[in-house]
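The values are calculated or read from the model by the stated rules, or taken from the named source; none is laboratory data. On a predicted model such as this, the values are computed, not experimentally measured, just so you know. Virtual Cβ from ideal backbone geometry, glycine too; neighbours counted across all protein chains shown.
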Amino acid sequence: MRPGTLPRLLQGTPNRPAAYAEHVATFGELAPRPDLIDELERAGLTGRGGAAFPTGRKARFIRDQRGHRKFVVVNAMEGEPASHKDALLLATNPHLVLDGAEALARAVGARDVVVAVARDRTATIQHVTRALAERPDRGIGLELQTPPGRYVAGEESALVHWLDNHESLPQYRPHRPVVLRLDKHPVLLDNCETVAHVGLIARYGADWFATVGVPGQPGSALVSVSGAVERPTVLEVALGTPLAQVLAAARADPAPRAVLLGGYGGTWLPARDLDVAYDLGSLAERGATPGAGIVVVVGHASCGIRETQRIVAWMANESARQCGPCAFGLPAIAQDLARLRDGGRDALDARRRLEQRCGVIEGRGACRHPDGVVRMVRTALATFADDVAEHESGRPCAGARAGTTVASVPRLEHERELVWE
């Protein structure tokens with residue numbers, strides 16, 4: 001593959017997964033690479049699942065763990081409704097993901113690889129099943145597992161806990177990093193896209209990887225763009241690409257009100273900040289992050305508070321409900337956002353309660369699920385301050401009255417369960 005060109009991860013025949021022979025014709029055979037961890041660290045690859053942890057450092061940490069057995073887990077759960085990148089990757093180049101997983105297994109001394117796909121993703125399961133059947137045996141055990149398709153089931157500790165005993169419950173981890181364990185054995189867990197990048201670096205090296213991107217943020221990333229766009233899409237973009245250029249490529253509203261970056265536990269970014277480069281360092285300066293590679297565009301016909309309330313209600317319904325911040329705090333935030341959305345006498349009190357509850361909830365969950373919701377709510381109140389002011393004055397804004405929505409949120413079947421007094 002030529003350096004400095006895109007696509008990389010999505011190279012090949014669109015709209016169908018490449019068979020193994022086609023995969024080898026496109027990317028070449030994957031040879032063992034004893035220096036893979038060094039090369040990953042030199043490449044500067046970071047996780048594409050949300051946390052952006054350095055991949056080489058994580059692999060070295062697991063390699064140095066004692067024990068005769070280790071596991072590599074590929075997280076392809078993709079529980080957010082606005083995310084489609086991992087599903088597209090596995091529908092295009094599943095063998096690239098499996099190459100990366102095998103390379104990581106050899107690098108850390110693991111003999112077993114588990115690919116986790118949510119059980120309601122039937123097409124993705126078929127793609128992975130076919131790819132597993134096609135691959136030659138290289139001495140690494142490859143297995144597909146299908147946990148329940150809930151948002152929290154894709155949280156890394158909840159996923160490993162389910163693989164261990166079929167309970168999708170996040171595990172309390174006060175200190176990071178911590179070794180996740182499957183049947184008491186160390187686990188290296190990485191996002192599906194991250195593992196595919198490993199498959200490329202194992203072939204072409206760190207210098208090739210850095211021919212796309214910017215200094216300090218090399219490589220490309222998959223971005224799911226939805227909302228006020230002509231059609232939801234997944235783009236492979238070079239890190240450092242201006243966010244406005246990403247939106248233009250997705251044929252988004254050319255003058256949006258705001259975008260939600262990173263996912264449903266991400267950050268609202270106002271239109272005045274769309275000149276920012278799409279990379280970890282540049283977005284951090286605006287208080288945002290690429291997260292799981294999600295961009296939701298909100299146009300002027302929509303109410304930002306209404307959009308946020310719908311997302312929070314869904315996130316509350318998707319929690320594990322094993323600790324107070326999720327079981328009680330998130331439904332309470334969703335209820336206050338509904339009152340703020342509707343305006344009237346309760347709107348001002350709802351706004352004040354939101355600020356108080358966000359402060360109480362943050363940092364107290366077993367996982368980071370409630371922290372992400374708090375971050376999104378706080379940035380919504382700032383980004384959509386005009387909407388908030390109209391609602392507090394007693395009259396919901398035009399977008400709320402029209403009921404126009406763009407965020408992809410599945411309909412809740414039991415919204416009454418979210419109410420908490």
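Sort out which residues of region 250-273 are over 28 Å from P54 (Cβ atoms), among the hydrophobic types (A, V, I, L, M, F, W, C) and either in contact (Cβ under 8 Å) with a residue 24 or more places away in the chain or in a loop (DSSP other than H, G, I, E, B) (or both), and write them in order of number.
A250, A252, A255, A258, listed by residue number.
When residues of region 370-416 are filtered for being at pLDDT below 90, out of contact with any helix residue (DSSP H, G or I) (no Cβ under 7 Å at 6 or more places or on another chain), surrounded by fewer than 17 Cβ atoms within 10 Å (Cβ to Cβ) and at negative phi, how many remain?
Qualifying residue count for the region: 9.
Give A258, A288, A250 a once-over and let me know the one that is closer than 16 Å to V377 by Cα and within 19 Å of the chain's Cα centre (by Cα).
From the options A258, A288, A250, the qualifying one is A288.
Take A76 and decide whether it is closer than 24 Å to A407 by Cβ, surrounded by fewer than 24 Cβ atoms within 10 Å (Cβ to Cβ) and hydrophobic (A, V, I, L, M, F, W, C).
When the stated conditions are applied, A76 does not pass them.
Got a sec? Which of G372, G363, G403, G399 is in the same structural domain as R310 (by TED's automatic domain parsing) and without any contact (Cβ under 8 Å) to a residue 60 or more places away in the chain?
Going through G372, G363, G403, G399 in turn, just one is in the same structural domain as R310 (by TED's automatic domain parsing) and without any contact (Cβ under 8 Å) to a residue 60 or more places away in the chain: G363.
Can you confirm whether A31 is in a loop (DSSP other than H, G, I, E, B), among the aliphatic types (A, V, I, L, M) and exposed (fewer than 15 other Cβ atoms within 10 Å of the Cβ)?
It is true that A31 is in a loop (DSSP other than H, G, I, E, B), among the aliphatic types (A, V, I, L, M) and exposed (fewer than 15 other Cβ atoms within 10 Å of the Cβ).
Every residue, every condition in (1) touching a helix residue (DSSP H, G or I) at 6+ places or on another chain (Cβ under 6 Å); (2) at positive phi, yes or no:
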position: T13; (1), (2): no, no
position: V24; (1), (2): no, no
position: E41; (1), (2): yes, no
position: Q65; (1), (2): no, no
position: R69; (1), (2): no, no
position: E78; (1), (2): yes, yes
position: A82; (1), (2): no, no
position: A87; (1), (2): yes, no
position: V97; (1), (2): yes, no
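Just to be sure, is F53 of a type in the set (F, W, Y), crowded, with 24+ Cβ neighbours inside 10 Å and assigned by TED's automatic domain parsing to the domain that holds L200?
Criteria not met by F53.
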